[in-house]
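Peer 1: This structure is in structure tokens; I'll ask about it shortly.
The values are calculated or read from the model by the stated rules, or taken from the named source; none is laboratory data. These numbers were taken from a predicted model, which means no experiment stands behind them. Ideal geometry is used to build each Cβ from the backbone, glycine not excepted, and the neighbour counts take in all protein chains shown.
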Amino acid sequence: MTYLSAREIDNMSTDVRKERLLELQEEMMQLRAEQALGGSASNLGAYKQVKRSIARLLTKMHEARRE
């Protein structure tokens, strides 16, 4: 599952957020490698979803630190 909604992230604990962030970063690395090797155009949507999910997670993690 590459897409994470803000609601799902709100319900996660900090440990789960960290684990999910690592999983998404690994998936992003794989997508980048596929794209560099001339991957298909269908991966562009997955790339965008993973990138946005990582941004959402990082935003929530930074907000939690400020509180």
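Peer 1: So if I check each of M61, M12, which one is modelled with pLDDT of 90 or more, out of contact with any His (no Cβ under 7 Å at 6 or more places or on another chain) and not in a helix (DSSP H, G or I)?
Peer 2: On the way: M61 fails: not in a helix (DSSP H, G or I).
Selected residue: M12, the only one of M61, M12 that is modelled with pLDDT of 90 or more, out of contact with any His (no Cβ under 7 Å at 6 or more places or on another chain) and not in a helix (DSSP H, G or I).
Peer 1: Now, a different point. Return yes or no: is E67 charged (D, E, K, R) and in contact (Cβ under 8 Å) with a residue 12 or more places away in the chain? Walk me through how you get there before you give the answer.
Peer 2: Details: charged (D, E, K, R): yes; in contact (Cβ under 8 Å) with a residue 12 or more places away in the chain: no.
In short, no.
Peer 1: Something else now. Within the bounds of the range 37-48, is there any residue that is surrounded by 14 or more Cβ atoms within 10 Å (Cβ to Cβ), free of Cβ contacts under 8 Å to residues at least 12 places away in the same chain and more than 10 Å from the chain's Cα centre (by Cα)?
Peer 2: Checked against the condition, which is being surrounded by 14 or more Cβ atoms within 10 Å (Cβ to Cβ), free of Cβ contacts under 8 Å to residues at least 12 places away in the same chain and more than 10 Å from the chain's Cα centre (by Cα), the range 37-48 yields at least one hit.
Peer 1: Taking the range 30-50, which residues are at pLDDT 85 or above, closer than 23 Å to S5 by Cβ and hydrophobic (A, V, I, L, M, F, W, C)?
Peer 2: L31, A46, V50, listed by residue number.
Peer 1: State yes or no: is R66 basic (K, R), at negative phi and surrounded by 10 or more Cβ atoms within 10 Å (Cβ to Cβ)?
Peer 2: On the way: basic (K, R): yes; at negative phi: yes; surrounded by 10 or more Cβ atoms within 10 Å (Cβ to Cβ): no.
Spelling it out, it is not the case that R66 is basic (K, R), at negative phi and surrounded by 10 or more Cβ atoms within 10 Å (Cβ to Cβ).
Peer 1: Quick check: is even one residue across the range 17-29 surrounded by 13 or more Cβ atoms within 10 Å (Cβ to Cβ), in a helix (DSSP H, G or I) and more than 13 Å from the chain's Cα centre (by Cα)?
Peer 2: No: the range 17-29 contains no residue that is surrounded by 13 or more Cβ atoms within 10 Å (Cβ to Cβ), in a helix (DSSP H, G or I) and more than 13 Å from the chain's Cα centre (by Cα).
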